[in-house]
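The values are calculated or read from the model by the stated rules, or taken from the named source; none is laboratory data. The structure displayed is predicted, hence computed values, not measured ones. Glycine gets a Cβ as well: all are built from the backbone with ideal geometry, and neighbour counts include every protein chain shown. For accessibility, only protein heavy atoms count, side chains too; no ligands or nucleic acids. Shrake-Rupley method; radii C 1.70, N 1.55, O 1.52, S 1.80 Å.
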Amino acid sequence: MKKLLAILLATVMLLVFASCGGNGGNEDNTEKNDEKINAEDVINKELEEAEEHDSFSRGAVEYYLKKTAGIKLDELEPDWEWKLKSDYSAYADDPASGTGHAVITFTKAEGEVTDDEFDAWYKKVFDATAKASDDGYNIRGYEFAGDGEDALGEVTLDEALDSWLMKGWGFRVDGKNYVVYVSDEYDKNKDSELGKLFYYDGAKVDIGVGLQKSFSDTMDEAEKYMSENEDEIRDAIKDYLG
């Protein structure tokens, strides 16, 4: 378990430290950015919180969404009767970490999800995040902004869903950027009775802390931090693994 946590931590380390500046690089955070972060303390705190937090549960998802974005789970629930298909259908990090995400898959209790049901659910989630946002609307987000596009500009639902690879958008709460990923889920062991390619019976939403600036800027800052604190990071993970 500890080894898995350490690997997961190392994987997300770039995002964790790149977002330490907060609020998208606003000038009033300059003083915080200039402070030296104790890498070992940060790593140990993240590992301990991840191990103690009961992440795989509906309750964890509810808690994360409420504490970080002020969103209630029932604001995201589909109109169809749903269930958690497995123990891994719901997951959330501890919001005390200041990073992470919550993800849940709403599997229809019986039958397939129709196109109209998917459309209604997408709109419900889109409206919920817009309501929770500082701006009163959703933004494109750095994760989805292409060349020349304004990552912080307002996005419509149609624009957010216009992708064959990843569907989603962003929104801001207390000056922090959050990212939303939505997807149709299917059962590979069943054949569709609605004439679809797959048996779509669920909808997944993933909401968490997003990029606070462009991907290239985020990577540059994170790589610099990792390089400057390489020994501390390695020692902290080594000590934790025993």
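Take the residues of the range 72-94 that are under 14 Å from the mean Cα position of the chain (by Cα) and open to solvent by less than 20 Å² (accessible area, probe 1.4 Å): which is farthest from GLN212 (Cα to Cα)?
Narrowing the range 72-94 to residues under 14 Å from the mean Cα position of the chain (by Cα): 90-94.
Among the residues that remain, those that are also open to solvent by less than 20 Å² (accessible area, probe 1.4 Å) are: 90, 92.
Details: ALA90: 25, ALA92: 20 Å.
Of everything passing the filter in the range 72-94, ALA90 is farthest from GLN212 (Cα to Cα).
Taking the range 202-242 on its own, how many of its residues are touching a strand residue (DSSP E or B) at 6+ places or on another chain (Cβ under 8 Å) and either over 30 Å from LYS67 (Cβ atoms) or in a loop (DSSP other than H, G, I, E, B) (or both)?
So the answer is 3.
Looking only at residues in the range 184-225 that are polar (S, T, N, Q) and within 19 Å of ALA109 (Cβ to Cβ), which one is surrounded by the most Cβ atoms within 10 Å (Cβ to Cβ)?
This residue is SER192.
Which of the residues that make up the range 57-71 are part of a loop (DSSP other than H, G, I, E, B) and either crowded, with 19+ Cβ neighbours inside 10 Å or of a type in the set (Asp, Glu) (or both)?
The answer is ILE71, and nothing else.
Residues that are in a strand (DSSP E or B) and either surrounded by fewer than 16 Cβ atoms within 10 Å (Cβ to Cβ) or over 17 Å from the mean Cα position of the chain (by Cα) (or both): does the range 104-121 have at least one?
Looking for residues that are in a strand (DSSP E or B) and either surrounded by fewer than 16 Cβ atoms within 10 Å (Cβ to Cβ) or over 17 Å from the mean Cα position of the chain (by Cα) (or both), one finds at least one in the range 104-121, hence yes.
Need the failing condition index for TYR142 against (1) within 11 Å of VAL180 (Cβ to Cβ); (2) touching a Ser or Thr at 6+ places or on another chain (Cβ under 6 Å), just the number.
If we test TYR142 against (1) within 11 Å of VAL180 (Cβ to Cβ); (2) touching a Ser or Thr at 6+ places or on another chain (Cβ under 6 Å), just (1) comes out false.
Is the range 156-179 home to any residue that is among the hydroxyl-bearing types (Ser, Thr, Tyr), in contact (Cβ under 8 Å) with a residue 40 or more places away in the chain and closer than 22 Å to TYR64 by Cβ? Let's see the steps before the verdict.
Our first condition is that a residue be among the hydroxyl-bearing types (Ser, Thr, Tyr); within the range 156-179, this holds for 156, 163, 178.
Remaining after also requiring in contact (Cβ under 8 Å) with a residue 40 or more places away in the chain: 178.
Still in the running and closer than 22 Å to TYR64 by Cβ: 178.
Checked the range 156-179: at least one residue is among the hydroxyl-bearing types (Ser, Thr, Tyr), in contact (Cβ under 8 Å) with a residue 40 or more places away in the chain and closer than 22 Å to TYR64 by Cβ.
Taking THR156, is it open to solvent by 30 Å² or more (accessible area, probe 1.4 Å) and β-branched (Val, Ile, Thr)? Walk me through how you get there before you give the answer.
Working: open to solvent by 30 Å² or more (accessible area, probe 1.4 Å): yes; β-branched (Val, Ile, Thr): yes.
When the stated conditions are applied, THR156 passes them.
Cβ-Cβ under 7 Å, sequence separation 6+ or interchain: first residue in the range 191-207 and free of Cβ contacts under 8 Å to residues at least 40 places away in the same chain, partner open to solvent by 80 Å² or more (accessible area, probe 1.4 Å) and part of a strand (DSSP E or B). Which pairs?
PHE198/TYR186
Taking ASP184, is it touching a residue at least 12 places away in the same chain (Cβ under 8 Å) and in contact with a Phe, Trp or Tyr (Cβ under 8 Å, 6 or more places away or on another chain)?
Taking the combined requirement at face value, the residue satisfies it.
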